[in-house]
Every structure is written in structure tokens, then in C-alpha cells.
1. Filter the range 37-48 for residues that are touching a residue at least 60 places away in the same chain (Cβ under 8 Å) and either among the acidic types (Asp, Glu) or in a loop (DSSP other than H, G, I, E, B) (or both); which is farthest from ligand 2 (Cβ to nearest atom)?
2. Consider residue 162 carefully, then state whether it is surrounded by fewer than 20 Cβ atoms within 10 Å (Cβ to Cβ), aromatic (Phe, Trp, Tyr), more than 17 Å from the chain's Cα centre (by Cα) and modelled with pLDDT of 90 or more.
3. Going by the conditions given, is residue 339 assigned by TED's automatic domain parsing to the domain that holds residue 215, open to solvent by 10 Å² or more (accessible area, probe 1.4 Å) and within 16 Å of ligand 2 (Cβ to nearest atom)?
4. Applying the selection to the range 230-248, what residues are under 18 Å from residue 280 (Cβ atoms) and either among the small types (Gly, Ala, Ser) or open to solvent by 20 Å² or more (accessible area, probe 1.4 Å) (or both)?
5. Counting just the residues of the range 381-400 that are touching a residue at least 12 places away in the same chain (Cβ under 8 Å) and in a loop (DSSP other than H, G, I, E, B), which one comes out surrounded by the most Cβ atoms within 10 Å (Cβ to Cβ)?
6. Of all residues in the range 23-48, which are in contact with a Gly (Cβ under 7 Å, 6 or more places away or on another chain) and away from ligand 1 (no atom under 13 Å from the Cβ)?
7. For the range 402-422, give me the residue count where each residue is open to solvent by less than 20 Å² (accessible area, probe 1.4 Å) and assigned to a helix (DSSP H, G or I).
Amino acid sequence: MEKENKNLPEGDVKKTIQIDINTLNACVQCGLCKTVCPTYNVEFDEAYSPRGRILLAKSLVDGKLQLTPEVAKRWDECTLCRNCENICPNGVEYKELLVHVREEVNKNLGKDWIKYIGLKSLTFQGSKIQKLFLKAGSLISKLVLGKKNTLPMFFPTGAVKFFPKPRWDAQSLRGKIFFPLGKPKATVLFFPGCMYENFYVDTAKNVIRLLQKLGYRVIVPDQTTCCGGPHYYSGFVEMFEQLKEKNLKVFNRIREKYPIEALVVVCPTGGGTFKEEYKLDLPVLELVEILNRELEEIPSPKEEKVTIHYPCHSYTAMKMDISLFDRVVEKTRGAKLVKGELNKSCCGFAGMFSIKNPTLSDKILKRKMEDFAATGAEKILTSCPGCVLQLNEGTIKFGKNLEVQHIADFVASKLLTKEEIEKLDTLVEELKL
Ligand code: SF4
Ligand code: SF4
């Protein structure tokens, strides 16, 4: 049942939102969600809490408030980490609620151009023009930055993000089949996602090598685009649907020819989007789930103290059991896992959130970095490209002497020899459909 705002003067009717009142009423205002909300835990203000954001939506639907940019900003300041949804005893569907609220805001208050341009640029993922753009970016950043690995990017919102340099070989893994050493035990699709394809190519290569080593034939599709997760979460649902349709066509074409047993991801937002919004009739697996099942204990000479950041969407969207991350790290006998108290708390990246809300994002990040530093670990492990980017930025902005490493790179560094990598990298063919 939808409730329309009847109390506003004529002409202002659009300055409201339409939301399923049952979704709003499911919130009984207990406030438990505040304990896990990253924005509330740095601002300590109800307006920055999940409960406050739900109440705000209710006030609009009830006609007590009008939709203004100031009101919309409160919803924009949510990372959509979904920790509130995860802990809520009443099953409030917070993600669906906020996506719908944001969609209504986009319709009624007009486009947020910064968000729109950022999200629109992701729809070019995989296109020729984008590849050329990345190559140019790679050359320029090499000339300007030399051997430095990070490229500071300044945004009109005041945000400064430290991106890795664009790679010359960006998207070079597309349209290929990678083979294991022996007979393949199964064939899987690997969807690297925008950030791995454009910036973290070495991590994507390590994911493929680990799967090859474990006996899988790995197909990296061509002609796919962004998964659309960032678009969906920002309320650009139409744009999301277009991306979904394009990706599904590619997946289906591949599945007509190859017996695909799972879609493998290392981006939990993408994985969650495939599971929840694509509703694929195919298991969607995070690499860690496969490593946990199939990896034998890795003897490793160096005793390293490592800590971990569990990416929110791995357990809130993909519904992963986070103890799998621990088990994979613990299989590396040379690593000692020391956990911080905030290991499940959002890092403050959340895509467009950190660009739109730099001060809030930095506060969340600083709190995280202090928690990591208190563990005495040398290294932070995680499994999300956005978290890798954000935590690296944390080491630059807040001067913590910690290395950030993707769990795939960590395991590959312990498991694969140089000779093995050279051999595995030759076991590749073009994907012909
Ligand atoms: S935990 Fe759930 S029911 Fe309680 S205030 Fe938060 S959203 Fe509402
Ligand atoms: S999604 Fe995350 S940031 Fe947003 S209200 Fe819920 S816990 Fe807070």
C-alpha cells in the first residue's frame, strides 16, 4: 500500500516521496541498528542513524516534512553498508527502502550531477573508448608520477581520493579462457568488475591463477559492463536495468556453449548485486569460499602479524559466513591473525559516498585506521577493491604504518612459485563464441 502526501499545498505535491508504508512501519524504533552504523558512530546524532533516516522518510510520507535538498542529504550520507539491516530484529528491508527513497529523490529533486556523471562513466566499462582513455591515463600518470603508485584525484566536493594508476593492460583479461595444469574439475565464470579490470589487474590475475592451481577452467567474459550495483544503490534503477540486461545476455551466450558451474567474484558489492538483483540461477561465489573449501594448509616461512577487514557487502549482501576469511588466513601457517574490534565496520568508501561526503568518510576511515593500528599488525587483509583503495588512502591520510593487501594477493604470494606463475600464464586461449 502506498501512502501519498495529502497535506502539502498544491504545486508542491512533488516535493514528497512515495514509499510502501508497511516497509516504514516495520521499524519499531528500537535503535539497535545505531550500534553498528558507521555514520552514527562518528557523529552521534540521530539524523546520522538508520532509525533517524527511516523516521525522516516516514515524516515525508506522513506530510510532516517536505522533500528538500537538505532532507535528501541525510539519505545521501548513508554508506548503504547494510549493517543496520543485518542486525535489525524486525527484518526492516533497509536497502530496498533507501534505494527507493533515492530513486524518488532523483525523480523529484532532479539529478545529482556529480553522482550521475560518475555512474554514467561506469556504463562505458569495456568499451573501446574507455580502453583508449585508460591507456592515455596510464601514459600520463607514468610521466607525471614516475614510480609512485597512487594518483591523487581532486573532486569538486572537496574529496581527495588516492587512486592506483590506470593500467596499460587494463581489461586485457577479457574474452579469454584459462586452463588448469591437469584435467579441469569444473568451469567457472570470473567477473572481475570495473576496479580490478582498470586498476588492480595484478589481483585479478592472481584470482585466475589461484583458480587454475585449484583445478578450474576459468572464463573471463568479454563485452560485459559494470554490474550496476553502484547504480542500483544510488537509486538509478533504470540505468541499472540496462546494465543488467547487457551482462545477462553475455552470460547466457557463454552458458549456451560452456557448462558454467559458478560465477566467481572478488567484489562483494558486485557479488551481492548478482545474487540479489540479477537473481542468477547459478551459484555466485566469492573466491574465499572456494579457497576455504579447497585450499590445503600452506606452510610459509615468515611469521607475519595480519589483521582483517571484512567487507560489509560480503556478509550483508552476499550473506557470506565471515569466519571463512579467518580460516583461509589461518591456513597460511606463517600468518598470525589479530583482529581489531571494528573488523566488521564499514571503511567509509562506499563508492560515490566517499566522493560526495569526504569529511564524513574521512572520520569513519580514521576510526578504522586507529583500530587497525591498535592490533599491532603489519598488514591489513581484505577482499574488496573499494576497501583496498580506501584503506590504502587511510595509510596515506592518517599515517598508519600498515600495508594493505588483497587476500587473493596474500594467498597467491604464499602458494604460487615464480615458475608456477609463468607456467599457468601460458595456459590461456581466446574465448570464441
Ligand atoms: S534495529 Fe530495525 S527496528 Fe530497530 S530501529 Fe533499527 S531499523 Fe528500526
Ligand atoms: S546502511 Fe550502514 S551507514 Fe547506512 S544507516 Fe545502515 S548502518 Fe548506517
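The values are calculated or read from the model by the stated rules, or taken from the named source; none is laboratory data. Values in this document were obtained by computation on a predicted structure and should not be read as measured data. Cβ coordinates were reconstructed from backbone atoms using ideal geometry, including for glycine residues, and neighbour counts include every protein chain displayed. The accessibility values were calculated without ligands, DNA or RNA, using every heavy atom of the protein model including side chains. Shrake-Rupley method; radii C 1.70, N 1.55, O 1.52, S 1.80 Å.
1. Filtering first and then ranking leaves 43.
2. no
3. no
4. 232, 241, 242, 244, 245, 246, 248
5. 384
6. 38
7. Number satisfying all stated conditions: 5.
Conditions (1) closer than 20 Å to residue 184 by Cβ; (2) of a type in the set (A, V, I, L, M, F, W, C); (3) in contact with a strand residue (DSSP E or B) (Cβ under 8 Å, 6 or more places away or on another chain); (4) open to solvent by 10 Å² or more (accessible area, probe 1.4 Å), marked per residue:
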| residue | (1), (2), (3), (4) |
| --- | --- |
| 207 | yes, yes, yes, no |
| 250 | no, yes, no, no |
| 254 | yes, yes, yes, no |
| 258 | yes, no, yes, yes |
| 265 | yes, yes, yes, no |
| 279 | no, no, no, yes |
| 285 | yes, yes, yes, yes |
| 290 | yes, yes, yes, no |
| 293 | yes, no, no, yes |
